[in-house]
Each structure stands twice: as structure tokens, then as C-alpha cells.
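A.B. asks: The structure that follows is given in the form of C-alpha cells.
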Amino acid sequence: MTKQRTKADFTGQSIYVGLDVHVKSWSVSIHVGEIEHKTFNQPPDANVLSKYLHRNFPGAEYSCVYEAGYCGFGAYRDLNALGINCIVVNPIDVPTTNKERKNRRDLVDARKLARALRNHELIPIYVPGHGPESDRGFVRGRKDTIVKRTRVKNQIKGYLRYFSIRTPDELVRANWSAKYIEWLSNLNFEFQSARDRLDTMLHELRSYNEQLTIQNQQLKRLSSEEKYKGDVELLRTVPGIGRTAAMVLLTEIVDIHRFKGCDQLASFAGLVPDQQSSGDTEGAPQLTRRRNPHLRGVLIECAWIAIRQDPALTLAYQKLTKGMKPQRAIIRVARKLLNRIRYVLMHQEPYVIGVVQ
């Protein structure tokens, strides 16, 4: 007589999965209630994990978490498409014991994530859609090109100093102009190898210049698309904000309505103080290290321009610099500028200089 095996039914139960995501493998830790079912490695494939969960825990509700990193949001989208409720978290928000901090291993990290998910201790980060993520990647890529070009320029300047070559007086104010680059191209060196090295750097510089020309055209075209055009025009009414800055703001913020208020938006940008204290000792307030570096950087750049264009911000900056250094004062101005940006986007109204918003 053949015995029939009773199929387990996990209907109504919750299965918690912690993932440590890597290119070649995933470390997986599965918890059922208070019990750790299994911790193992598997291929980096959402389908493999889905089949395992459905085979061993049919009918259950599956929840999954992994830390944000270089792997992006592909696993998040694949897992949610397969019916596994997946979230992505900031690594520094995951509760970690001292033992886990000193014993960093993939399986330990996966187990830690599953435990925190089970205990409802995690706050998910915002995951943009495919389109906004692609647009954000393009805008950040343009910034990367600028950084690389600046690096090459600094290398050339250092190279000239190394050989004690002074820039002619008539070209001092014309750095990186066509005439300046032509002068660099015609410099004479005692050895050909030295000339060749400079030519290599100049070739790299021209390459980045060409890339930026193309990227600027692409950025202008992207900003003219229907999804950005209206908001770009609104943001450009705010003093200090041009087309490029507007596109950085829009692609980093994505949806202004996801922030409950000015304070939450400022926290996301990293324009809030962070103070450490112990007992009777209190440290001086410092700007928080938690930030969106792309957003905070462009806001500070725009604030330096805005204090020359908006009388209200000019006055605010002058008052602030009476009691603090300009570098600290401009942070306060950037916060005020961010409030104006939020108002314009929330109310879909252009900014009017002289009207407090």
C-alpha cells in the first residue's frame, strides 16, 4: 500500500528572506516566524529563489529585503514581479550587533537582514521607475564626464609646473580656450617622450570635451520632453537655477509629493545638522553625512549664484555671515532655496522675486 505524503500548507504565514546580493551569487537566509529555516548560497536569479519558496512554503506570504548597492534595483523588480514582496534598504539603517560588525560575511549579513525584516525594524528606500532611473543615470553620467575632464586639466597643470613652464600673460585668463590648448599643443620639450605625454593628456581632454558637447545636446533634448518641460521652465524662474541644475533636481527628487514636508526633503538632500553628545558633553553641530550628494552639491552651487540674483537671499546671506563663516552661511541659504524649489513644484507656480514663498 502506497503512503500518501501530506503537502504542507503555509497559508496565512509569513516567510522572511534576507538577501546579500552579489554579481555571481546571492546569500539567502530564510526565517519562518521565530525560526531560522535555512541560510545558503544560490545563483543570482530571482526565479531560483521563487521556486524554492513556492516548493517549500506553498501558500505563504513572502517578504524579502536586500541592501542598496551597485547591483541596483533589478533584483527588486524581478522579485516583486514573481509575487515576492521585496524592499531595498539603506545599509546603515540595518540594526547590527558588534559581533556582526566585526564578523562581516555574506551569510551573516543575509541572516541579519532576515531577522530585522521579521522584527519590522527596516524602513525601505524609494525605488524609482525604469524611466526616471535611466534619466537620473544619464544626468549623473554627464557629471562624471565633467569630473574626469577636471582631473585631466589638473594633471596638465601639474605637468606644466613639473617642467617649470609658465603660461604666457596673455593666456592666463584664457585657460582652456582654443588659443590656450593650441599653445599647449605647440610647446617644445627637450625629449620627445615628454611631448608625447602631454599630447596624450590633450587627446584625453579633447575626447571629454566632445563627449560633453554631445551630452549637453542630449540633456537639452531630454529637458524639452513633455515629462520635464513644464517643471524645468518653472524651476528656471527660481534665482540661481538653470537648465542643467533643474534636470539634476528633477531626476534626483523624481516625485516631490513623496516628501511629507520641507524638513523631510532637506534631510534627503543632506541640509540638516547632525550633533553628537555624551553626558554633559555636546559636540558642535555638523552637516549630516547622510545625504544625496548629487542633490546637495547642486543646491550649494545654485545658492552661491542665487545670493547675487535674489535680494531676499542676499540679505539673508549677509545677516548669516555676521555670525558664521560663509561656507556655513551658504548651507542655510541652500535650505531656503530648497524651500522655494519645493513650493514651485508643489503649487506649479513660477517663482516671483520679492514675494516670500
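A.B. asks: Quick check on the exposure proxy: order R308, R332 from fewest to most C-beta atoms within 10 angstrom.
C.D. replies: R308, R332
A.B. asks: Dipole of the chain (Lys/Arg Cβ +1, Asp/Glu Cβ -1, origin at the Cα centre): which of G72, Y62, P239 lies farthest to the positive side?
C.D. replies: Result: P239.
A.B. asks: Now for a different question. Using the number of other C-beta atoms within 10 angstrom as an exposure proxy, rank V139, V48 with the fewest first.
C.D. replies: The fewest-first ordering by Cβ neighbours comes to V48, V139.
A.B. asks: Mind pulling the per residue volume of the convex hull built on the Cα atoms of segment 14-118? Å³ is fine.
C.D. replies: Once divided by residue count, the hull of segment 14-118 is 90 Å³.
A.B. asks: Sticking with this structure for a sec: 5 Å is the cut-off here: which amide hydrogens, built 1.01 Å from N in the peptide plane, fall below it relative to V238, excluding neighbours closer than 5 in sequence?
C.D. replies: Sorted by chain and number, the residues that satisfy this are Y351.
A.B. asks: Please figure out what share of the DSSP beta bridges in the chain is antiparallel and state it in percent, rounded to the nearest 5.
C.D. replies: 65
A.B. asks: Lys/Arg Cβ at +1, Asp/Glu Cβ at -1, dipole of the chain taken about the Cα centre: which of V333, V48, G12 is farthest positive-ward?
C.D. replies: V333
A.B. asks: Right, next: Under a Cβ-Cβ limit of 4.7 Å, which cysteines in the chain have nobody to pair with?
C.D. replies: C71, C262, C302
A.B. asks: Related question: For segment 123-135, just list the computed ³J(HN,Hα) in residue order, Karplus coefficients 6.51, -1.76 and 1.60, θ = phi - 60°, integers in Hz, with x standing in for Gly and Pro.
C.D. replies: 10, x, 8, 6, 10, x, x, 4, x, x, 5, 5, 5
A.B. asks: Of the DSSP beta bridges with both residues in segment 14-118, give the percent that are antiparallel, rounding to the nearest 5.
C.D. replies: Counting only bridges with both partners in segment 14-118, antiparallel ones make up about 55 percent.
A.B. asks: Hey, which aspartates and glutamates would be in cross-link range of K24, C-alpha to C-alpha under 20 Å, not counting anything within fewer than 8 residues on its own chain?
C.D. replies: Candidates past the 8-residue exclusion: D45, E67, D78, D106, D109.
A.B. asks: In addition: Using 0.36 nm per residue of separation minus the Cα-Cα distance, give me the extension gain between Y126 and V48 in nm, one decimal.
C.D. replies: Result for the pair: 25.5 nm of gain on full extension.
A.B. asks: For K322, go through the lysines and keep the ones whose alpha-carbon is under 28 Å away, minus same-chain ones fewer than eight residues off.
C.D. replies: Candidates past the 8-residue exclusion: K336.
A.B. asks: Could I ask something else about it? Under a Cβ-only charge scheme (Lys and Arg +1, Asp and Glu -1), can you give me the dipole magnitude of segment 58-161 about the Cα centre, in debye to the nearest 20?
C.D. replies: My answer is approximately 1020 debye.
A.B. asks: (1) 5, 21, 31, 27, 14, 2, 0; (2) 4, 17, 20, 22, 20, 11, 4, 1, 1, 0, 0; (3) 5, 25, 36, 26, 7, 1: which one is P(r) over Cα pairs in 10 Å bins from 0, in percent as calculated from this entry?
C.D. replies: From the options (1) 5, 21, 31, 27, 14, 2, 0; (2) 4, 17, 20, 22, 20, 11, 4, 1, 1, 0, 0; (3) 5, 25, 36, 26, 7, 1, the structure gives (2).
Any read-out appearing in this document is the output of simple, stated calculations on the displayed coordinates, not a laboratory observation. Everything numeric in this text was worked out from a predicted model, so none of it was measured. So basically every Cβ, Gly included, is an ideal-geometry build from the backbone, and we count neighbours across all protein chains shown.
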